[in-house]
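Presented below is the structure to which this report refers.
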Amino acid sequence: MTDEPLKQQTDIARAAALVADPSRARMLKCLADGRALAASALAGEAGVSAATASVHLAKLVEGELVTVARQGRHRLFRLAGPEVSAALEALALIAPPLPVTSLKQSNRAGALHRARTCYDHLAGRLGADLMAALLDRGVLTGYDGIHRPEEAVRDRPASYGRDIRYRMTGPGRELLRELGVHAERLPPRRPPVLYCVDWSEQRHHLAGGLGAALTARLFALDWVRWGAAPRVVRVTDEGAEGLERTLGLVPVR
């Protein structure tokens with residue numbers, strides 16, 4: 001992301017038209033956790049045939065919202081980048097809610113609020129609580145992690161934050177190293193510490209290279225696992241103990 005103003009006009013209508021189709025919207029939401037999925041899985045999630053899914057995915061690839069790569073005999077699709085996921089989150093703020101017609105849908109909505117991914121980093125209450133724990137433990141400094149709309153200048157819910165500058169501390173780097181996250185190994189071309197304004201919590205959650213690395217480490221430790229629905233994650237028993245021991249974070253489960 002950049003703070004520089006756009007230097008050319010953008011075709012918002014074209015991007016909006018790609019997202020507007022209900023089947024494509026469901027596919028995009030399914031890919032919003034950053035994982036690469038096969039066309040068959042996306043067809044099942046959207047409730048369409050394989051042939052119809054292929055047409056929709058071709059349009060999303062052509063529109064540069066989705067990329068495709070071949071793995072053996074399969075083609076795997078993923079979002080073109082975190083900006084697409086951020087745009088979907090922003091649209092969710094102004095979109096009317098889908099009617100909840102089953103206990104399954106109600107449970108899924110609750111799970112998304114409780115713990116989800118925002119592309120490649122944690123969001124929802126778990127993500128915001130993790131950010132708060134990193135601030136409490138002095139891993140990060142710069143602000144208190146609360147979104148205050150009346151004070152915000154450029155920050156808006158469901159978008160990358162721009163008003164605040166968080167940074168890692170020296171002792172924080174040591175604590176992260178104990179967790180298996182090495183700050184010196186973060187991708188050099190990606191800002192290490194960014195934040196998003198979490199739309200469901202009205203707090204900040206950690207993004208950037210550190211947010212992605214820490215999330216990947218929690219998955220590797222089996223402290224968090226993917227849930228039953230796209231983007232949903234859950235904390236394991238071992239993860240609950242580990243997060244409380246290392247960061248003083250008691251996750252809501």
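Shown for the chain: the carbon plus sulfur share of the solvent-accessible area, taken with all protein chains present and a 1.4 angstrom probe, equals 55%.
Using the average count of surrounding beta-carbon atoms within 10 Å as a protection proxy, the listed peptides 91-97, 44-50 rank, highest first, as 44-50, 91-97. Close amide H pairs (under 5 Å, H built 1.01 Å from N) link residue 66 with 61, 80, residues at least 5 positions away or on another chain.
Taking amide H as placed 1.01 Å from N in the peptide plane, residue 118 has its amide H under 5 Å from the amide H of 123, each at least 5 places away in sequence or on another chain. Between residue 146 and residue 49, take the C-beta separation as r, use R0 = 35 Å, and let me know the FRET efficiency to the nearest 0.05. Taking R0 as 35 Å, the efficiency between residue 146 and residue 49 is 0.15.
In a fully extended conformation the segment linking residue 190 and residue 20 would gain 58.1 nm over its present Cα-Cα distance, using 0.36 nm per residue. Segment residue 252..residue 237, full-extension length gain: 4.2 nm, with 0.36 nm per residue of separation and the alpha-carbon distance subtracted.
Taking every protein chain into account, the accessible area of segment 124-253 amounts to 48 square angstrom per residue (probe 1.4 Å).
Taking θ as phi - 60° and the Karplus parameters 6.51, -1.76 and 1.60, the scalar couplings of segment 144-151 work out to 9, x, 9, 8, 10, x, 5, 9 Hz in sequence order, x denoting glycine and proline.
Relative contact order of the chain, taken over Cα pairs closer than 8 Å and 6 or more residues apart, is 17 percent.
Over the chain, DSSP H runs of length four or greater, each weighted -39,500 (n - 2.57), average out per residue to a 222 nm ellipticity of -13500 deg cm²/dmol.
With both labels modelled 7 Å from their Cα along Cα-to-Cβ, the residue 183 to residue 59 distance reads 4.6 nm. The listed peptides 228-237, 114-123, ordered by packing as a protection proxy, come out as 114-123, 228-237 (highest mean of other Cβ atoms within 10 Å first). For segment 137-152, backbone nitrogen atoms closer than 18 Å to the point 7 Å from residue 165 Cα along Cα-to-C-beta are found at 140-145. Under 37 °C and 0.692 mPa s, how fast does the chain diffuse according to Stokes-Einstein, given a Kirkwood radius computed over C-alpha pairs? Answer in µm²/s, whole number. In µm²/s, the coefficient rounds to 171.
The values are calculated or read from the model by the stated rules, or taken from the named source; none is laboratory data. This one's a predicted model, so the numbers in the text were calculated from it and none came from an experiment. Positions of Cβ are generated from backbone atoms using ideal geometry, with glycine treated the same way; all protein chains shown enter the neighbour counts. The area values use the complete protein model at the heavy-atom level, side chains included, leaving out ligands, DNA and RNA. Shrake-Rupley method; radii C 1.70, N 1.55, O 1.52, S 1.80 Å.
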